[in-house]
Amino acid sequence: MHRDEILALMSRRIAAYAIRDAAALAATHAENSCVTSPMGGVQEGREEIERVYRNWFAAFQDIKTEQDDLLIDGDRAVLIARVSGTHSGDFMGLPATGRQMELLMVSLMTVADGFVVDERRIYDFTGLLVQVGVLKAKPSV
């Protein structure tokens, strides 16, 4: 893929994320795509990837993603974004708490033929769990 094609793909992803459209986001992945993330583990295939997007959007119904940076090198793209939202639905068995969460996320993607074929997400999952109340943390002394 050429740089302009990758930029267009990333723009579609950001636009779909902005309106929390799980199907449109999943459609940016190849049919046999693989996503690895702290929350969802390893998801293989578009259907499984869409399911995790739906769960994420159900748990954080007002979620926002703001792109900080996008790096492209050949068939690889690295998206750095800030994610924030309110815990307003079931998340990992925890009913809505109304708590706010904010995290920095990095997505490392390989692209081909107009789709994401592999994605690895990196973010502070433990910090997210503390923010929404799944885990308790003592303040440092």
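For the reader, a short list of remarks on this structure follows.
- Test for Asp62: is it at pLDDT 95 or above and under 27 Å from Asp4 (Cα atoms): no
- Failed condition for Leu70, given (1) in contact with a Leu (Cβ under 6 Å, 6 or more places away or on another chain); (2) closer than 13 Å to Tyr17 by Cα: (2)
- In the set (1) crowded, with 18+ Cβ neighbours inside 10 Å; (2) under 15 Å from the mean Cα position of the chain (by Cα), Arg82 fails one condition alone, (1).
- Within the set Ser88, Ser33, the sole residue that is within 24 Å of Gln131 (Cα to Cα) and in contact with an Asp or Glu (Cβ under 8 Å, 6 or more places away or on another chain) turns out to be Ser88.
- Complete set of residues in the range 1-36 that are surrounded by fewer than 19 Cβ atoms within 10 Å (Cβ to Cβ) and either without any contact (Cβ under 8 Å) to a residue 12 or more places away in the chain or under 11 Å from the mean Cα position of the chain (by Cα) (or both): His2, Asp4, Ala8, Ser11, Ile14, Ala15, Ile19, Asp21, Thr36
- Qualifying residue in the range 69-76 (condition: out of contact with any strand residue (DSSP E or B) (no Cβ under 7 Å at 6 or more places or on another chain), part of a strand (DSSP E or B) and buried (at least 17 other Cβ atoms within 10 Å of the Cβ)): yes
- Which listed residue is within 21 Å of Val117 (Cα to Cα) and touching a residue at least 40 places away in the same chain (Cβ under 8 Å), from Ile49, Ile63, Ile72: Ile72
- Single match in Glu66, Glu44 (criterion: in contact with a strand residue (DSSP E or B) (Cβ under 8 Å, 6 or more places away or on another chain), under 22 Å from Val132 (Cβ atoms) and surrounded by fewer than 15 Cβ atoms within 10 Å (Cβ to Cβ)): Glu66
- Residue that is nearest to Ser37 (Cα to Cα) [pool: residues in the range 77-132 that are in contact (Cβ under 8 Å) with a residue 12 or more places away in the chain and assigned to a helix (DSSP H, G or I)]: Phe125
The values are calculated or read from the model by the stated rules, or taken from the named source; none is laboratory data. Predicted model only: the values in this text are computed from it and were never measured. Reconstructed Cβ throughout: ideal geometry from the backbone, glycine too, with neighbour counts over all protein chains shown.
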